[in-house]
């Protein structure tokens, strides 16, 4: 087993494990329940970790996890003039949909 990453919270760790599992990798969350003793132990020692079971899957798992953690963010300008950033596909100001060509 090899540690791939430390997640900021259990929700993120679970999402990462689900994505890697769907890609056919054998992965697990470790330190799942340690958040309850943060304070008794240093907080950084209580964060959940994502581990890959088979050492030979580590390079692929790291590459997929890196791609997930570094998704490109779109920036577009709505017809109303509002600048929209991130994964939003609709303008928060006027509710117009993102142009199809983006």
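The values are calculated or read from the model by the stated rules, or taken from the named source; none is laboratory data. Quick caveat: nothing in here was measured; it's all calculated off a predicted structure. Neighbour counts run over all protein chains shown; Cβ positions are idealised from the backbone, glycine included.
Among the residues of the range 75-102, the one identified as under 30 Å from residue 27 (Cα atoms) and not in a loop (DSSP other than H, G, I, E, B) is 86.
When you scan the range 24-31, do you find a residue that is loosely packed, with under 10 Cβ neighbours inside 10 Å and modelled with pLDDT of 95 or more, even just one? Yes, there is a match, as at least one residue in the range 24-31 is loosely packed, with under 10 Cβ neighbours inside 10 Å and modelled with pLDDT of 95 or more.
Just a yes or no: is a residue in the range 33-46 closer than 17 Å to residue 15 by Cβ, at pLDDT 80 or above and in a helix (DSSP H, G or I)? Checked against the condition, which is being closer than 17 Å to residue 15 by Cβ, at pLDDT 80 or above and in a helix (DSSP H, G or I), the range 33-46 yields no hits at all.
Note on the range 51-89: among residues that are surrounded by 14 or more Cβ atoms within 10 Å (Cβ to Cβ) and over 20 Å from the mean Cα position of the chain (by Cα), the one that is farthest from residue 10 (Cα to Cα) is 78.
The selection criterion, being part of a helix (DSSP H, G or I), modelled with pLDDT of 90 or more, surrounded by 11 or more Cβ atoms within 10 Å (Cβ to Cβ) and not assigned by TED's automatic domain parsing to the domain that holds residue 92, does not hold for residue 11.
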